[in-house]
Amino acid sequence: MIFKSLHENLVKKKINKSLELLNNQIRIKPNPIKTIGCIIDPMFPVEVNNFIKLVYKIGLKEKDLKLITFQENDNGFNIFSNMNITPKSISYTGNLTGKDSLEFISYDYDLLINFFKSSDVLTLLSSKVNAKFRVGFNSVDSRLNDLIFSDKMKKFKEFDSELIKYLKLIR
């Protein structure tokens, strides 16, 4: 119990430190967008095809998209993505250690889509990603995203159309 509490505090300190560094960066939406990364919590009712269609609408190909999804445990097979992050992907001291998470953060992205609600594991992962522009929901720390959507959106189609609309407006 004490070790779990200590671990949670260390993870929160790592998150805050990463978010402070992120907050001090100057980020500008690249024009055109060439690469997209998505961090997804499968608790949202969404399918991988939705993200592939979104990439095509932005004018990219499926190869320009990298997906990583959260799994509460690493026992099950994830049909959503071939890259996964679990709570075990974070060391006791709050560092990312999972193979998939380390691979995901090794890429540079023009756009990072944080498709999750509040989650320490996913917030830590996202804060370590090198992305020029970030979008996500208002249920996470505001320092994480440049463009923030309401987490009350019920359907991916709403998110999709709003994202494309704002990406066109922001030059």
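The values are calculated or read from the model by the stated rules, or taken from the named source; none is laboratory data. Values in this document were obtained by computation on a predicted structure and should not be read as measured data. We place every Cβ from the backbone using ideal geometry, glycine too, and count neighbours over all the protein chains shown.
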Restricting to segment 104-160, and then to whatever is hydroxyl-bearing (Ser, Thr, Tyr) and either assigned to a strand (DSSP E or B) or farther than 25 Å from residue 94 by Cβ (or both), can you tell me which residue is farthest from the chain's Cα centre (by Cα)? 150
Looking at the structure I just gave you, is residue 15 among the β-branched types (Val, Ile, Thr), crowded, with 18+ Cβ neighbours inside 10 Å, modelled with pLDDT of 85 or more and in a helix (DSSP H, G or I)? yes
Those residues of segment 118-139 which are surrounded by fewer than 20 Cβ atoms within 10 Å (Cβ to Cβ) and free of Cβ contacts under 8 Å to residues at least 60 places away in the same chain, in sequence order: 118, 130, 138, 139
So is residue 28 at pLDDT below 90 and of a type in the set (A, V, I, L, M) or not? yes
Taking the condition β-branched (Val, Ile, Thr), more than 15 Å from the chain's Cα centre (by Cα) and within 17 Å of residue 52 (Cα to Cα), does residue 164 pass? yes
For residue 104, only one of the following conditions fails: (1) of a type outside the set (D, E, K, R); (2) under 20 Å from residue 144 (Cα atoms); (3) touching a Phe, Trp or Tyr at 6+ places or on another chain (Cβ under 9 Å). What is its number? (3)
Candidate set from segment 37-54 (those that are modelled with pLDDT of 90 or more and in contact with a helix residue (DSSP H, G or I) (Cβ under 6 Å, 6 or more places away or on another chain)); member that is surrounded by the most Cβ atoms within 10 Å (Cβ to Cβ): 39
